[in-house]
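The structure appears below as structure tokens.
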Amino acid sequence: MDNNFVFHHVRLSPQEQPGCHVQPSWELSYVIAGSGYRLIGGESTPFAQGDLVLVPPGLEHAWYFNSECVDGIVTVENITLMFTTEMLRQLADIFPVLSRDLSLFGALEEAIVFECGVRDEIVERLNTIDVKSDRDRIGDVINLVSFLAANLSTAKALAHKREDNIQRHKLRQVEIFVSCNYGRKLSIDEISRHIGMNKSSFCAFFRRVSGMTFINYLNNFRLEQASYLLKTTDEPINAVAYSCGFQTVSHFNHLFKARLGVAPSSIRQRTPIPSDAVIEPLSPLNMLDRNGQ
């Protein structure tokens, strides 16, 4: 029975977060610290500390944590319990009285969240399991899975499988990854690996659905952040450039003037920006809708 479940309590940074994935087991995920967006079955929704979701097997999902949650030591902290459908079958055979409740798992194809009272009880049970050894966890895991089964009928559906929305899945992954990591050096190899594509396929995909290259999108995102910092802070221009991910000040100045028609220093001098200077929309999803995909 103990081979049919895995229990993890992890602490990591946003850069270490796993990308979008699918697994053959059930996954109960509880966020202790951190916030951001979760992508489940094609639906992207915000989450915060205390988020608790049950994801069924075969449903694509990922949690993307905001970089501003960084506290210098630990950024992300969560507890995950994964258990197999085979474990549910074994429990139904061993405890026939549970078979009716356990059978409800079989009809579940969407991720679910629980009402406050049930949610609090689940969290308490997860914390109890957390302090025990693997061998001593078996009984508590069985009790928790039984408790989940008994409360499935009161749970709320979060997202459905949507095979027709793969483009939006991937674009949302790009948007979140860039927003969390634009301040450091990024490569096309890194972003393509992050969303599970090879470099050439990613470049063709991004240009087709957004109308621009990924590098142009990344630079535009960085320029927008830099423009905001120039308007709202007294940071030196070179510090702004480096903090927004530009490797040299000269490259930053060149791109800034090419996009906006004025030098970065003009922003603080309140020089009017030419009316025809436009930075492309920063959301890949907006670009997708604009292009009629």
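FYI, it's all coordinate maths here, none of it is from the lab. What you see is a predicted model, and the numbers here were worked out from it, not measured in a lab. Please note: Cβ atoms are built from the backbone with ideal geometry, for glycine as well, and neighbour counts cover all protein chains shown.
Residue exposure proxy: H194, H251, ordered by other Cβ atoms within 10 angstrom of their Cβ from fewest to most, comes out as H251, H194.
Report the net charge of residues surrounding V145, where surrounding means a beta-carbon distance below 11 angstrom and charges are Lys +1, Arg +1, Asp -1, Glu -1. My count for the surroundings of V145 gives -1. Global dimensions of the stretch 2-161 from alpha-carbon coordinates: Rg and Dmax equal 15.4, 50 Å. Taking Cβ atoms as reference points and 10 Å as the exclusive limit, the residues near P57 contribute a net charge of -2, counting Lys and Arg as +1 and Asp and Glu as -1.
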